[in-house]
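These notes are about the structure you will find just below.
The values are calculated or read from the model by the stated rules, or taken from the named source; none is laboratory data. Computed from a predicted structure; not experimentally measured. For neighbour counting, all protein chains shown are included, and Cβ atoms are generated from backbone atoms with ideal geometry for every residue, glycine included. Areas reflect the complete protein model, heavy atoms only, side chains present, ligands, DNA and RNA absent. Shrake-Rupley method; radii C 1.70, N 1.55, O 1.52, S 1.80 Å.
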Amino acid sequence: MRDHSRHPHHPRPLDTDVPVPEVWTGRATNRVQWVLAIAGAAFVALGIELAVASPWTSGIVPLLMSVIGCVAAGLLMLFGTLAFVHVAVKVDDRAMEVRCGHIGLPRRRIPLSQVADVAIAPKVTPRHWGGWGYRWLPEKGTGVIVRRGEALVLTLVDGRTFTVTVDDADSAVRVIRDRLSRTTPDTPPAPPAPPTTPPVPPVTPTGPTSA
């Protein structure tokens, strides 16, 4: 599997002269997942073979458990691998959307109004996240990890982070920063000071006074 990481001390600078597209799309692929998908399909085929070729006259319970176990393990492997063979990322003027696999599930949509900052992680590995797939770690937040290499890291306004491995992550950072600069409101002017009321002079009595 190719390593898409960059040297952590020499990240590629963000080019501010390149026009920012209205819609940015990127993806990352892990072809190694196809090997695991083939293994899952083999488990399913084994379960079907056991169900068709084995005699059901004796030992029904152990045979049934073997068939169910093979088919269930194979389906779990198929879904867990095919869902994360690749990830597609889309950034428009409102949100960043992440879709996994060929059917687009799992899916995550993050409005840009909830994004406080964006950065590049030059080298992300599945080992740091506990494996491939949709991950969550208390110290790292949520991540969609399909390969080793560079990743896009969003810091949300509530302090949480979201990481997704994607090729050309620096372009995604440039686009998202451009969107954030457009949506960040200007500092409102201070309200005008209330008008000052002149002090009322004291009233001097003018009537007669008693001795």
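Quick one: how many residues across segment 123-159 are touching an Asp or Glu at 6+ places or on another chain (Cβ under 6 Å) and within 16 Å of residue 26 (Cβ to Cβ)?
Final tally of qualifying residues: 1.
Within segment 10-40, restricting attention to residues that are outside any loop (DSSP other than H, G, I, E, B) and open to solvent by 100 Å² or more (accessible area, probe 1.4 Å), which residue is modelled with the highest pLDDT?
27
Has segment 126-137 got any residue that is within 13 Å of the chain's Cα centre (by Cα), surrounded by 14 or more Cβ atoms within 10 Å (Cβ to Cβ) and either assigned to a helix (DSSP H, G or I) or of a type in the set (Val, Ile, Thr) (or both)?
Checked segment 126-137: no residue is within 13 Å of the chain's Cα centre (by Cα), surrounded by 14 or more Cβ atoms within 10 Å (Cβ to Cβ) and either assigned to a helix (DSSP H, G or I) or of a type in the set (Val, Ile, Thr) (or both).
Out of segment 49-60, which residues are β-branched (Val, Ile, Thr) and either part of a helix (DSSP H, G or I) or modelled with pLDDT of 85 or more (or both)?
Listed by number, the residues that qualify are 52, 60.
The rows are residues; the columns are (1) out of contact with any Pro (no Cβ under 9 Å at 6 or more places or on another chain); (2) modelled with pLDDT of 90 or more; (3) among the acidic types (Asp, Glu).
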site: 145; (1), (2), (3): no, yes, no
site: 159; (1), (2), (3): yes, yes, no
site: 162; (1), (2), (3): yes, yes, no
site: 167; (1), (2), (3): yes, yes, yes
site: 183; (1), (2), (3): yes, no, no
site: 194; (1), (2), (3): yes, no, no
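Being open to solvent by 70 Å² or more (accessible area, probe 1.4 Å) and in contact with a Cys (Cβ under 9 Å, 6 or more places away or on another chain), is that true of even one residue in segment 149-162?
No, every residue in segment 149-162 fails to be open to solvent by 70 Å² or more (accessible area, probe 1.4 Å) and in contact with a Cys (Cβ under 9 Å, 6 or more places away or on another chain).
Filter segment 79-109 for residues that are crowded, with 18+ Cβ neighbours inside 10 Å and among the β-branched types (Val, Ile, Thr); which is modelled with the lowest pLDDT?
Step by step, filter segment 79-109, then rank; the result is 81.
Could you pull out the residue among 46, 76, 63 that is open to solvent by less than 50 Å² (accessible area, probe 1.4 Å) and either assigned to a helix (DSSP H, G or I) or out of contact with any strand residue (DSSP E or B) (no Cβ under 8 Å at 6 or more places or on another chain) (or both)? Even if it seems obvious, please write down each step before you answer.
On the way: 46 fails: open to solvent by less than 50 Å² (accessible area, probe 1.4 Å); 76 fails: open to solvent by less than 50 Å² (accessible area, probe 1.4 Å).
So the residue among 46, 76, 63 that is open to solvent by less than 50 Å² (accessible area, probe 1.4 Å) and either assigned to a helix (DSSP H, G or I) or out of contact with any strand residue (DSSP E or B) (no Cβ under 8 Å at 6 or more places or on another chain) (or both) is 63.
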